[in-house]
């Protein structure tokens, strides 16, 4: 029997979005009916982990199928080389698909990029409608807003990322405007416009949503499901930093002056930003159904990393390596390939596994240099997925995390270690590094081996000398 092949592949990524920001993943506070549909009618990986807790290194990793050390992008501000191959665009083009980038990609630094007259790097994309942030620059989004809805420009304008005014992005504000005019609305609408005239060709589209990354400026419609509703308090366990090494303790003390009410307000507006993405996904699904392409389109939904949202008395992202930051949604939806029964896949997988799996599902060759695993065969045959024994993350300046089903080990340098027993009633609170030296030594050795393996060069060897 011939294997099915999707005509279109749409990879949807968000920024800062946690695994539990989808209602179907068990969070009753979330209003995400369209993302819930993807989970309940598709395939959802319940234990997928990022390889870095920050935007650029994570994206450059999972969209090349390589570890951060192999791409050279290990923290924000490390630009992926313009000639780096293979990227997601190169890989899908090699399989015969046209490629488009709409919205956020973040392979290169972007402060003041609209003031630089040099052409942006396209990283192999045939079409590049770049908009790295929602309202900072005169990019694709703001050009569209200026042209189509000039009266709304100032409502959606935000300070540049390095502006001192950006500190205010942590405080939520509701914008009185149609959700379609938001950055999420732009990414969704432009994708529909792009695909609407391309029925005859195989397409790969990356839809890069900036939300729910701050600034937390949802529109009235996005915010409505959460307005006035009682929100559960964040998961805080007192002053957790006392038994942590200084790099982590310093991060944890950064928000010590925040009240529970302030954390809750942050989360309320954050959830509303997720609902904005959900609205765009719903519009996309309706569009695909309207043009008869819903069955022949493979949709992948995920994010680059999470946000603390008040848990452990922190917000945003950083190298604390908590599951709130590292555990990612990975949802696949393809009625012709998977059916519409819905499947939950348990067991550890890494985000570097996403691109090889997508390429394999689309019948595109998977470059040999990619270290991620493909689960395409198991998914198409409805067989069990062979989970990893552990998952690895790496971040400059030489900090790393290794997680198994039972333990999480974090190393911030010599003698600066964290060990969590994940079977405790409140996991990731008490540092067991001193109390369990045997497990500590085992996890340390295991991490060393994984870091060495993940540092192999992706360069092709042509000669012996």
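May I ask you to verify whether residue 286 is surrounded by 15 or more Cβ atoms within 10 Å (Cβ to Cβ) and in a helix (DSSP H, G or I)? In short, no. Hey, does the stretch 87-97 have a residue that's modelled with pLDDT of 95 or more, outside any helix (DSSP H, G or I), out of contact with any strand residue (DSSP E or B) (no Cβ under 7 Å at 6 or more places or on another chain) and closer than 22 Å to residue 456 by Cα? Yes: one or more hits. Selection over the stretch 59-77 of residues that are surrounded by 19 or more Cβ atoms within 10 Å (Cβ to Cβ) and either at positive phi or in contact with a helix residue (DSSP H, G or I) (Cβ under 7 Å, 6 or more places away or on another chain) (or both) gives a count of 12. Being in a helix (DSSP H, G or I), at pLDDT 95 or above and either under 24 Å from residue 388 (Cβ atoms) or in contact with a strand residue (DSSP E or B) (Cβ under 7 Å, 6 or more places away or on another chain) (or both) is true of residue 60. Every residue in the stretch 416-450 that is over 19 Å from residue 240 (Cα atoms) and in contact (Cβ under 8 Å) with a residue 60 or more places away in the chain, please. Passing the criteria: only 450. Any chance the stretch 190-204 includes a residue that's under 15 Å from residue 272 (Cβ atoms), assigned to a loop (DSSP other than H, G, I, E, B) and either in contact with a helix residue (DSSP H, G or I) (Cβ under 8 Å, 6 or more places away or on another chain) or without any contact (Cβ under 8 Å) to a residue 24 or more places away in the chain (or both)? The answer is no; no qualifying residue exists. Got at least one residue in the stretch 207-222 being in contact (Cβ under 8 Å) with a residue 60 or more places away in the chain, within 14 Å of residue 311 (Cβ to Cβ) and not in a helix (DSSP H, G or I)? No: zero hits. Reported count of residues in the stretch 361-378, each being surrounded by fewer than 20 Cβ atoms within 10 Å (Cβ to Cβ) and over 16 Å from residue 391 (Cα atoms), is 7.
The combined condition, being out of contact with any helix residue (DSSP H, G or I) (no Cβ under 9 Å at 6 or more places or on another chain), at pLDDT below 95 and closer than 26 Å to residue 18 by Cβ, is fulfilled by residue 162. In the set (1) closer than 28 Å to residue 90 by Cβ; (2) touching a residue at least 60 places away in the same chain (Cβ under 8 Å); (3) outside any strand (DSSP E or B), the condition left unmet by residue 360 is number (2).
Residues are listed down the side, and each one gets a yes or a no for (1) more than 22 Å from residue 24 (Cα to Cα); (2) touching a helix residue (DSSP H, G or I) at 6+ places or on another chain (Cβ under 6 Å); (3) in a loop (DSSP other than H, G, I, E, B):
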{"residue": "233", "(1), (2), (3)": "no, yes, yes"}
{"residue": "255", "(1), (2), (3)": "yes, yes, yes"}
{"residue": "261", "(1), (2), (3)": "yes, no, no"}
{"residue": "274", "(1), (2), (3)": "no, yes, no"}
{"residue": "282", "(1), (2), (3)": "no, yes, no"}
{"residue": "294", "(1), (2), (3)": "no, yes, yes"}
{"residue": "306", "(1), (2), (3)": "no, yes, yes"}
{"residue": "317", "(1), (2), (3)": "yes, yes, yes"}
{"residue": "321", "(1), (2), (3)": "yes, no, yes"}
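Just so you know, in the stretch 420-430 the residues that are surrounded by fewer than 22 Cβ atoms within 10 Å (Cβ to Cβ) and under 25 Å from the mean Cα position of the chain (by Cα) include one that is nearest to residue 347 (Cα to Cα), and it is 422.
Residue 269 - would you say it is over 30 Å from residue 4 (Cα atoms), modelled with pLDDT of 95 or more and either assigned to a loop (DSSP other than H, G, I, E, B) or more than 25 Å from the chain's Cα centre (by Cα) (or both)? No: the conditions fail for residue 269.
Taken over the stretch 6-41, the criterion of being part of a loop (DSSP other than H, G, I, E, B), surrounded by fewer than 24 Cβ atoms within 10 Å (Cβ to Cβ) and touching a helix residue (DSSP H, G or I) at 6+ places or on another chain (Cβ under 6 Å) is satisfied by 22, 27, 30, 31. Out of 231, 252, 181, one residue alone is in contact (Cβ under 8 Å) with a residue 24 or more places away in the chain, surrounded by 18 or more Cβ atoms within 10 Å (Cβ to Cβ) and out of contact with any strand residue (DSSP E or B) (no Cβ under 9 Å at 6 or more places or on another chain). It is 252.
The values are calculated or read from the model by the stated rules, or taken from the named source; none is laboratory data. The structure displayed is predicted, hence computed values, not measured ones. Please note: Cβ atoms are built from the backbone with ideal geometry, for glycine as well, and neighbour counts cover all protein chains shown.
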